[in-house]
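Here is the structure we will look at.
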Ligand code: MN
Ligand code: MN
């Protein structure tokens, strides 16, 4: 099911592809993202060095596990949760490549089992807080409603948001999410995260001029430089991350695939630069949490 998992050791930072886009509301195609991101990453146009000088090609703890097999649409949520739970039990950190944003809910279920309630930084044009979308509670428009309902996070900071409608504003207030809209972005440096941190990056947080290969073009977004700066300034230990919603069918000359590669390198470097606090290992239950 997962190739190369025998090379995993405690402390590995592993890339895993989750080729699932059945819960996309507008356009399919994100299931082809992991393969295209890998193809561009290894095409010879770039090296695997982060801007801080970490060469991922020389780091044995950086491993690409390939893609997970998903057992049909009806079992997708359960199968993503089960497979990633098995991987996390090996004391590794995952960078999951979507797929659409629906994958983040089962990922957080498995992270919650391992780490207790996490801080989440969610970068997206959309808050993805719908109670239900087109009759589907697991739609890519809903993952953060499910995550907050099930109290999987101690904090949810949503940055880059520029599509907040009245329903989702109400949901954000109900769940107590911290929204940093695109016009408040300078406040992102004051997030004061403690970790353990889960980082969820929907590539449509970027302006479509920088990342045209996404299903939902939402103008007025971040530059690639702003997104990289935001990642590089994260001070909390990142225990997991996802990069979702790249849609190769919408891409122009693999421009967005290369952006995904760049973001993957910077996230992996940040994870290697700040190892998780050993106290983060095992389920963590904060005093006063109602689990
Ligand atoms: Mn999203
Ligand atoms: Mn989005």
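The values are calculated or read from the model by the stated rules, or taken from the named source; none is laboratory data. These figures come from a predicted structure and were not determined experimentally. Using ideal geometry, Cβ is built from the backbone for each residue, glycine included, and neighbour counts are taken over all protein chains shown.
Checking each residue in segment 191-236 for being free of Cβ contacts under 8 Å to residues at least 60 places away in the same chain, assigned to a loop (DSSP other than H, G, I, E, B), more than 16 Å from ligand 1 (Cβ to nearest atom) and in contact with a strand residue (DSSP E or B) (Cβ under 8 Å, 6 or more places away or on another chain) picks out 210, 223. The condition of being buried (at least 24 other Cβ atoms within 10 Å of the Cβ), closer than 19 Å to residue 30 by Cβ and without any contact (Cβ under 8 Å) to a residue 40 or more places away in the chain holds for only one of 143, 106, that being 106.
Which of the residues that make up segment 237-256 are in contact (Cβ under 8 Å) with a residue 60 or more places away in the chain, surrounded by fewer than 24 Cβ atoms within 10 Å (Cβ to Cβ) and in contact with a strand residue (DSSP E or B) (Cβ under 7 Å, 6 or more places away or on another chain)? Passing the criteria: only 250.
Rundown of residues vs (1) buried (at least 24 other Cβ atoms within 10 Å of the Cβ); (2) assigned to a loop (DSSP other than H, G, I, E, B); (3) within 12 Å of ligand 2 (Cβ to nearest atom); (4) over 19 Å from the mean Cα position of the chain (by Cα), yes/no style:
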position	(1), (2), (3), (4)
121	yes, no, no, no
126	yes, yes, yes, no
129	yes, yes, yes, no
138	no, yes, no, no
147	yes, no, no, no
154	no, no, no, no
157	no, no, no, no
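Here 97, 108, 65 are screened, and the one residue that is farther than 18 Å from residue 152 by Cβ, at pLDDT 95 or above and more than 16 Å from ligand 2 (Cβ to nearest atom) is 65.
Just to be sure before I move on: is residue 67 under 16 Å from residue 19 (Cβ atoms) and surrounded by 20 or more Cβ atoms within 10 Å (Cβ to Cβ) in the structure I sent?
Numbers: under 16 Å from residue 19 (Cβ atoms): yes; surrounded by 20 or more Cβ atoms within 10 Å (Cβ to Cβ): yes.
It is true that residue 67 is under 16 Å from residue 19 (Cβ atoms) and surrounded by 20 or more Cβ atoms within 10 Å (Cβ to Cβ).
As a summary of the residue check, residue 184 satisfies the conditions (1) farther than 29 Å from residue 74 by Cα; (2) more than 16 Å from ligand 2 (Cβ to nearest atom); (3) touching a residue at least 12 places away in the same chain (Cβ under 8 Å); (4) more than 18 Å from the chain's Cα centre (by Cα) except for the one numbered (3).
What about residue 54, is it touching a helix residue (DSSP H, G or I) at 6+ places or on another chain (Cβ under 7 Å) and either exposed (fewer than 15 other Cβ atoms within 10 Å of the Cβ) or farther than 21 Å from residue 234 by Cβ (or both)? No: the conditions fail for residue 54. Of everything in segment 24-45 that is modelled with pLDDT of 95 or more and in contact with a helix residue (DSSP H, G or I) (Cβ under 7 Å, 6 or more places away or on another chain), the residue that is surrounded by the fewest Cβ atoms within 10 Å (Cβ to Cβ) is 32. Taking the criterion of being within 14 Å of ligand 1 (Cβ to nearest atom) and outside any helix (DSSP H, G or I), the residues of segment 159-175 that qualify are 159, 160, 161, 162, 163, 164.
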